1. Equivalent ellipsoid semi-axes for the range 234-332, as square roots of 5 times the alpha carbon gyration tensor eigenvalues: give them largest first, rounded to whole Å.
2. For the range 210-361, what's the relative contact order in percent, using C-alpha pairs closer than 8 Å and at least 6 residues apart?
3. In deg cm²/dmol and to the nearest 500, what is the mean residue ellipticity at 222 nm of the chain if only DSSP H runs of at least 4 residues count, each as -39500 (n - 2.57), divided by the residue total?
4. Among DSSP beta bridges whose residues both lie in the range 187-301, state the antiparallel percentage, nearest 5.
5. Could you look at the chain and say what percent of its accessible area is carbon and sulfur, using a 1.4 Å probe and all protein chains?
6. Which of GLN86, GLY117, ALA310 sits closest to the plus end of the dipole of the chain, meaning its Cα is farthest towards the positive end, when Lys and Arg get +1 and Asp and Glu get -1 on the C-beta?
7. For the full complex of protein chains and a 1.4 angstrom probe, list GLU82, GLU289, GLU307 by accessible area with the highest value first.
8. Where the centre of each part is set by its Cα atoms, how far does the range 257-303 sit from the range 34-90, in angstrom?
Amino acid sequence: MPLLKKPIVVKKFRDFHKYVKKNNGQIGTKQRGIDVNLNNACNLRCEHCFTNSPKGDHVKPVIPADKIAEIADQAHELGIFEWDLQGGELLMRPELLFETLEAIKTERFYMYLTTNGWHMTPQIAKRLADAGVDRVSVSIDSMDPEVHDQFRGKKGSWERAIKALEYVQEAGISPYLNITVGHYNAFSEDIQMLMQYSKDKRYTTLLNVATPGGMWSQMSDIMVDEADKAHLIEMRKKHKNILRNLWDPFDKKNEGVLGCNTINRLYITPLGDVLPCPYVHIKVGNIYEQTLQEISDFGFKIKYFREYSASCLAGEDKNFVKKFMSKEGTSIFKPADAREIFNHEELDEESEGLIPLVNVS
């Protein structure tokens, strides 16, 4: 469904643009998106999986459709205009996916899903388009099929991913080629080839910087450094189809930085826990215990999430990672408790109306 046929989304997006413009190109405390891990089961065994799906971590829990509908209503009231459905791998259970899309009422959101592409078919792509999905993101790690397949833990995954992008483009959905970039590959020829391939195919390239969490927990050496970051900006200027959530999409010079999107893009696990983003494994609430408004209000009381940061806290700020994300065993299903790890100066508990992490009513 073309975005212009979603007037509700257009209005919310314009409101977001006005806010950013008035706020000197910074995201501030404006709500933007919501990421939902509907179910953590997956058919691949990716080396870098941040949800620990290859370990079989919590592969059975699912957020029911009635709770999804409730959260969607709350997200809409908050002005959230982007909704990303993630896994695990969503297309392993297509009927659950389509039931969820119906519950969300996709006409209210710029709707997309992230998939490894293995189960994508022309028929599924057509159903997704009919269900109001605007974008499908597919991760590809290399232009060498063997490298990608080894990284993903399954032979044939590269070919399926490549085909998936073609299927969604043919169905009228925006295809996004996702690339994970870290210090280990930022300057590699392979990444250059992936970026060029995406541009040639008229896809959008979405960059995700490597973060030391999940399967890569404790591996801070994978994080990009200043030279890597500068190089990515140069690639952004060169190709003009490369995005990061951190960057300002309204900047015509392709240089502006919105700031780290923690709390602006809430991440919900299949257990209902809410994290500041998919990669910061710190619990700020639970959808079964508080509303999104309450959770957001609490999250923005934490200075690291409220104050502007030109660096991704989870993928670029090594001080933040060392201080708050290096505890062994932390994951999206065992997140650190915000109240336990932030001190009084970092967590503004003096403000009225502070919502506790556990609802005592």
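1. On the way: eigenvalues 143, 51, 31 Å².
Taking √(5λ) for each Cα gyration eigenvalue gives 27, 16, 12 Å.
2. Details: 205 pairs, mean separation 37.0, N = 152.
The normalised contact order for the range 210-361 reaches 24 percent.
3. Working: 12 runs with 120 residues, N = 361.
Estimated from H runs of four or more residues: -10000 deg cm²/dmol.
4. 75 percent
5. Working: 7970 of 15930 Å².
Carbon-and-sulfur percentage of accessible area, whole number: 50.
6. Most positive-ward Cα: GLY117.
7. Values: GLU82 15, GLU289 65, GLU307 105 Å².
In descending accessible area the options line up as GLU307, GLU289, GLU82.
8. Measuring centre to centre over Cα atoms gives 14 Å.
The values are calculated or read from the model by the stated rules, or taken from the named source; none is laboratory data. Values in this document were obtained by computation on a predicted structure and should not be read as measured data. Please note: Cβ atoms are built from the backbone with ideal geometry, for glycine as well, and neighbour counts cover all protein chains shown. The protein model used for the area step is the full one, side chains on, heavy atoms only, and it has no ligands, DNA or RNA in it. Shrake-Rupley method; radii C 1.70, N 1.55, O 1.52, S 1.80 Å.
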